[in-house]
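The next block holds one structure in the form of structure tokens; read it before the comments.
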Ligand code: URA
């Protein structure tokens, strides 16, 4: 089933769109920056790219650090559940590995578990998760079907603070291994922490949106975190554009000779 544009906007909670344009400008706050990032290289603009230069992460693969580079899913899950690589393990109820189709088209990566996720062991089950589900519905997908959802860190940062750079670095080998096992056709980074974890980039989201990056040969695109969108309604329309860009990028990947 494919939805009309209007239906998709409704699914994302951004219809009628003129309501969003009336929202107070004071609410437009960029997501807070993540510290100590190394730059990445954007590879293509939202307009159809003439060439497809490759973004290469500026930091080397880190799977060796935790020796997880050869683990299968059950062993990876076991290692994540017992991980003590950073201090986030001290206050977690449980580590949250991820959820969904293990041969997905889309991999969505968020920041880290919140209180509800920590309690239930599944990413994005709170308010932000409801919006993420609407975003997925707008793409005609649902968790468990063509999509896998993970986070930059597997353990809840106390008070839902942004994960520290060192915490994301400690957790990166697990995410890197997940990506290698999943082999998604496209990765969608939700917010600055995910951008930092995967692309090692600290530029504003506004400057990274609409560009195609790459990790391990997989196209990567960037959009706003659903929790940010809940506080900044006008940017939902931009997130919608980003999802269309993601879908176009996925389709180009699957059938590069067809115009989209
Ligand atoms: N926010 C995230 O980034 N991830 C979750 O799992 C929940 C909220």
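The values are calculated or read from the model by the stated rules, or taken from the named source; none is laboratory data. This is a predicted model, so every value here is computed, not measured. Quick reminder, even Gly has a Cβ in these numbers, built from the backbone with ideal geometry, and neighbours come from all protein chains shown.
Here are some notes:
- Taking each residue of the range 112-127 that is more than 15 Å from residue 100 (Cα to Cα) and looking for partners that are near the ligand (Cβ under 6 Å from one of its atoms) and assigned to a helix (DSSP H, G or I) with beta-carbon atoms closer than 6 Å, six or more apart or interchain, yields nothing.
- Restricting 147, 198, 153 to residues that are buried (at least 23 other Cβ atoms within 10 Å of the Cβ) and in contact with a strand residue (DSSP E or B) (Cβ under 9 Å, 6 or more places away or on another chain) narrows the list to 198.
- Note on the range 177-233: enclosed strands (runs of 3 or more DSSP E) holding 3 or more residues that are within 13 Å of the chain's Cα centre (by Cα) are 186-190, 218-223.
- Residue list for the range 138-153, restricted to those being in contact with a helix residue (DSSP H, G or I) (Cβ under 7 Å, 6 or more places away or on another chain), more than 8 Å from the ligand (Cβ to nearest atom) and at pLDDT 95 or above: 147, 148, 150, 153
- From the list 50, 63, 115, the lone residue that is away from the ligand (no atom under 16 Å from the Cβ), surrounded by fewer than 20 Cβ atoms within 10 Å (Cβ to Cβ) and either more than 28 Å from residue 206 (Cα to Cα) or modelled with pLDDT of 95 or more (or both) is 63.
- Top-ranked residue in the range 215-251 [being in contact with a helix residue (DSSP H, G or I) (Cβ under 9 Å, 6 or more places away or on another chain) and farther than 22 Å from residue 134 by Cα; ranked as surrounded by the fewest Cβ atoms within 10 Å (Cβ to Cβ)]: 216
- Residue within the range 175-190 that is within 16 Å of the ligand (Cβ to nearest atom), farther than 30 Å from residue 75 by Cβ and touching a residue at least 40 places away in the same chain (Cβ under 8 Å) present: no
- Residues of the range 154-170 that turn out to be within 13 Å of the ligand (Cβ to nearest atom), assigned to a loop (DSSP other than H, G, I, E, B) and either without any contact (Cβ under 8 Å) to a residue 12 or more places away in the chain or more than 14 Å from the chain's Cα centre (by Cα) (or both), as a count: 6
- If the condition is being more than 10 Å from the ligand (Cβ to nearest atom) and farther than 20 Å from residue 239 by Cα, then the range 121-137 contributes only 121.
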